[in-house]
Amino acid sequence: MHARRLHVSRLPPTASVLSLASFFNGAMLAVGGTTGAVVSVCIDFIKKYALVEMRTVEEAKAVMLLDGLSFEGYPVVVRRPRDFNHYAA
């Protein structure tokens with residue numbers, strides 16, 4: 001589970017759990033993935049970031065390539081969470 005989580009920051013104030021999940025699911029479909037890639041989304045509305053959990057490690061790696069993509073007019077930053085351990089992944 002650890003390697004499937006992503007930290008997404010610079011979210012627009014209009015971001016919601018549903019809109020963010022739809023955005024990443026749609027992006028996965030656009031690059032030949034399958035539907036339902038996003039397992040969960042947890043947004044911190046005060047700090048304007050989200051933790052997004054993908055279905056597989058491979059899908060999480062693919063979403064990392066979306067760093068800088070525009071979401072509702074804001075270029076989002078997609079990174080691994082601070083507690084990510086490359087050796088445990």
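Quick note: the coordinates plus some simple rules give every number you see, no bench work behind them. Quick caveat, the model's predicted, so the values are computed rather than measured. Quick reminder, even Gly has a Cβ in these numbers, built from the backbone with ideal geometry, and neighbours come from all protein chains shown.
Structure summary
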| item | result |
| --- | --- |
| Whole-Hz couplings from phi, Karplus 6.51/-1.76/1.60, listed for the stretch 18-29; x for Gly and Pro | 5, 5, 5, 4, 5, 4, 6, 4, x, 5, 5, 5 |
| Charge dipole (debye, nearest 20) of the stretch 5-79; +1 at Cβ of Lys and Arg, -1 at Cβ of Asp and Glu | 180 |
| Net lengthening on full extension, Leu18/His2 (0.36 nm per residue, minus Cα-Cα) | 3.6 nm |
| Size descriptor, Kirkwood hydrodynamic radius, that averages inverse alpha-carbon separations across the chain, Å | 12.9 |
| Under 5 Å, built H, 5+ apart or other chain: amide partners of Ser40 | Glu53 |
